[in-house]
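Read the figures in this text as sums done on the coordinates, not as results from a lab. All values reported here derive from a predicted model rather than from experimental measurement. Neighbour counts are summed over all protein chains in view; Cβ atoms, including those assigned to glycine, are modelled from backbone coordinates with ideal geometry.
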Amino acid sequence: MKSDSDNTLREKIEIDLLIEAVNRFYGYDFSDYSKAHIKRRMMVFLAKHRFESISEMQHHVLHNPQVFEDFLNNFSINVTEMFRDPGFYSEFRKHIIPTLKTYPYLKIWIAGCATGEEVYSFAIMLKEEGLLSRSTIYATDFNSEALQKAGKAIYSIDTIKSYTANYQKAGGKSSFSDYYMANYNSVIIDKSLKVNVVFAEHNLVTDGVFTEANLIVCRNVLIYFNRELQDKVLSLFNDSLITGGFLALGTKETIQFSSIANKYSTVSKENKIYKKSII
Amino acid sequence: MYKAVVIGASAGGMYAIKTLLASLPGNFRIPIIIVQHLAPDSDNYLVEFLDKNTGLTVKEADEKEVVKGGFVYVCPPNYHILVEENMSISLSADEKVNYSRPSIDVLFYSAADAFQESLIGIVLTGANDDGARGLFYIKKKGGLGIVQNPSEAESPQMPTAAILEANPDHVLEIRQISKMLLQLANQNQDKNSL
Ligand SMILES: C[S@@+](CC[C@H](N)C(=O)[O-])C[C@H]1O[C@@H](n2cnc3c(N)ncnc32)[C@H](O)[C@@H]1O
């Protein structure tokens, strides 16, 4: 079979042009996301809408804001869970919570919070540790649709079984059913968990320092970025974190190769929890 | 000159991969990247098991790691693995594909885009049809497609699907696949030294 290199080159050009168009017209910059990831999301979107080519896709994305909304949703992978990686939460409880208990109040930034499951997991853990009432959780994402869902805190009942198992493995101290009300096919998260949560739109690529936080949680977002953008976003976190504050990343993410690495000590190598030791 | 070997396996894959890697020497020049379907909460057992049984160095693939000859990179459970043109690994937590995360197709598509005709794709035993479309795409981009002979496979469904979908260059028993990889790597070397 002969090589398909013309098609490959054409597609690369089309992808670059579409990324530029989206950035210039809508202000969302994907140019430093992982190339393989971008290509994959574009092909998923292309198949979904049955476009003939990425050029055709560009026309629709640029001319129809609704198609762009969908494009954005397709790019921001909102795949998430409550108590995702239970080992992370149990370690956090054991090794970070005792330090947090010594603070009079807590500012927590959860960046890339998707549809909120991670936010409510933290709220539950903080509540059980008696910390929620003196905490403010700023939960941000660049996807407004995901944030709206997060604010509503309504989830499918099908997820509850696996979330309950996660909660128990994560060292939950009570019964998971204390934290939601079931209603037909969905559950709604208990209101008390929302009181100290502020949801806000924030784009890690283009927006600046967010708050003076004691803890920043950003899990499974950096994997979609290239090294340069990872470094830039980690610097942003560094600027938003107080000295002595904690940074928690996804289990496959690391600060190891970044320019902020030497300012942090590793609290958990396995669960990627770091402590800012120097300014 | 081949730049990478990508391998997909599911049910029965652990022993098939072990056999395949066992006869490859530690200085095998082409990086090998593997997707083996696993339960999301699996530990590091597969990597340790494979590493013990080959001269190559087997490790779990790290995010952004640049792949090298002499190494075998295994996708961590519950992530997709993609490979970039600059030989670095990208992991992703995207939705499942073919009910699987990692998905063989996801690796194969990205590797075919990155390496075109300089890629070898291999589909081994499994009880689903992940990898079939990916292997088709590898062939479309000019790469070499190899499938384990279904009659030898512990679960013949996945290699059968790949044969039907992708019309691979070779359908071979595991030991023959190893031999062929060695030959291809040596050709690689010859061309390199010209
Ligand atoms: C895979 S989800 C991770 C959700 C959650 N943190 C977890 O680990 O379960 C990735 C999230 O990152 C968000 N995201 C991607 N790029 C972003 C950016 N530039 N700024 C803010 N959020 C972004 C996406 O919208 C998506 O909600």
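Given B:Y73, A:A146, A:I216, which one lies farthest toward the positive end of the charge dipole of the protein assembly as shown, if we put +1 on the Cβ of every Lys and Arg and -1 on the Cβ of every Asp and Glu?
Positive-end residue among those listed: A:I216.
Please give the charge dipole size of the stretch A:2-75, origin at the Cα centre, charges +1 on K and R Cβ atoms and -1 on D and E Cβ atoms. Round to the nearest 20 debye. Write out the running numbers ahead of the final one.
Numbers: 10 positive and 12 negative charges, 48 e Å.
The calculation lands at about 240 debye.
Treat every Asp and Glu Cβ in the protein assembly as shown as -1 and every Lys and Arg Cβ as +1, leave all other atoms uncharged, and give the resulting dipole magnitude about the Cα centre to the nearest 20 debye.
The dipole of the protein assembly as shown has a size of about 940 debye.
Which pairs in the list A:K149/A:K191; B:K18/B:K52; A:K127/A:K169; A:K35/A:K272; A:K252/A:K272 are over 19 Å apart, alpha-carbon to alpha-carbon?
Over 19 Å apart, Cα to Cα: A:K35/A:K272.
Could you work out the helix-only [θ] at 222 nm for chain B, with each DSSP H run of four or more residues adding -39,500 (n - 2.57) and the total divided by the number of residues, to the nearest 500 deg cm²/dmol?
-11000 deg cm²/dmol
So what is the relative contact order of chain A, in percent, for Cα pairs below 8 Å that sit 6 or more residues apart?
Numbers: 404 pairs, mean separation 46.3, N = 279.
For chain A, the relative contact order is 17 percent.
What value, in deg cm²/dmol to 500, does the helix sum -39500 (n - 2.57) over DSSP H runs of n ≥ 4 give at 222 nm once divided by the residues of chain A?
-13000 deg cm²/dmol
Could you grab the Rg to Rh ratio for the protein assembly as shown? Cα atoms only, Kirkwood for Rh.
0.99
Can you list the GluC sites (Glu not before Pro) in the stretch B:56-152 that are in a DSSP coil and have 12 or fewer other beta carbons within 10 angstrom?
The qualifying sites are B:E95.
Please get the size of the charge dipole for the stretch B:4-193, origin at its Cα centre, with Cβ charges of +1 on Lys and Arg and -1 on Asp and Glu, quoted in debye to the nearest 20.
540
What's the whole-number percent of alpha carbon pairs in the stretch A:1-93 lying beyond 15 angstrom? Don't skip to the answer; put the middle values down first.
Values: 2801 of 4278 pairs.
Counting every Cα pair in the stretch A:1-93, those more than 15 Å apart make up 65 percent.
Normalised by the number of residues in the stretch A:2-75, what is the relative contact order in percent for Cα pairs under 8 Å and 6+ residues apart? Write down the numbers at each step before the final one.
Working: 40 pairs, mean separation 21.0, N = 74.
Relative contact order, the stretch A:2-75: 28 percent.
Please report the relative contact order for the stretch B:4-193, taking Cα pairs under 8 Å with a sequence separation of at least 6, and give it as a percent rounded to a whole number.
About 21 percent, as a whole number.
Just add up the charged neighbours of A:E129: K/R +1, D/E -1, any other residue whose Cβ is under 10 Å from the Cβ of A:E129. Provide the component values of the computation, followed by the final result.
Numbers: positive: A:R93, A:K101, A:K127, A:K173; negative: A:E128.
Result for the local shell: +3.
What share of the DSSP beta bridges in chain A is antiparallel, in percent to the nearest 5?
On the way: 15 of 34 bridges.
Bridges in chain A are about 45 percent antiparallel.
Taking chain B as a Gaussian network, where each spring joins two C-alpha atoms under 10 Å apart, which residue of B:I104, B:I146, B:I89 fluctuates the most?
Fluctuation is largest for B:I89.
Within 10 Å of each candidate Cβ there may be at most 14 other Cβ atoms; applying that plus a DSSP loop requirement, which chymotrypsin sites (Phe, Trp or Tyr not before Pro) in the stretch A:204-269 survive? Each step should come with its number before you reach the end.
Values: sites: A:F210, A:Y224, A:F225, A:F237, A:F246, A:F257, A:Y264; in loops: A:F210, A:F257.
Answer by residue number: A:F257.
In peptide A:30-37, how many Cβ atoms from other protein chains are near each Cβ within 10 Å, on average?
6
Where does chain A land on Rg/Rh, using Cα atoms and the Kirkwood Rh? List each step's numbers first, then the result.
Details: Rg = 20.1 Å, Rh = 20.1 Å.
Checking Rg against Rh, the ratio lands at 1.00.
Angle between the Cα long axis of helix A:35-49 and the longest principal axis of chain A, 0 to 90 degrees, nearest 10?
70
Once the convex hull of the C-alpha atoms of the stretch B:4-193 is built, how many Å³ does it hold per residue, rounded to a whole number?
Taking the convex hull of the Cα positions in the stretch B:4-193, it is 97 Å³ per residue.
Please figure out what share of the DSSP beta bridges in the protein assembly as shown is antiparallel and state it in percent, rounded to the nearest 5.
35
Report the Cα centroid-to-centroid distance between the stretch A:93-134 and the stretch A:2-24 in angstrom, as an integer.
Cα centroid to Cα centroid, the span is 43 Å.
Subtracting the Cα-Cα distance from 0.36 nm times the residue separation, let me have the gained length for B:N27 to B:K179 in nm, one decimal. Intermediate values should be presented prior to the final figure.
Values: separation 152, 0.36 × 152 = 54.72 nm, distance 1.47 nm.
That works out to 53.2 nm of additional length.
Taking the stretch A:216-279, which trypsin sites (Lys or Arg not before Pro) meet the DSSP loop condition and have no more than 12 other C-beta atoms within 10 Å?
A:K269
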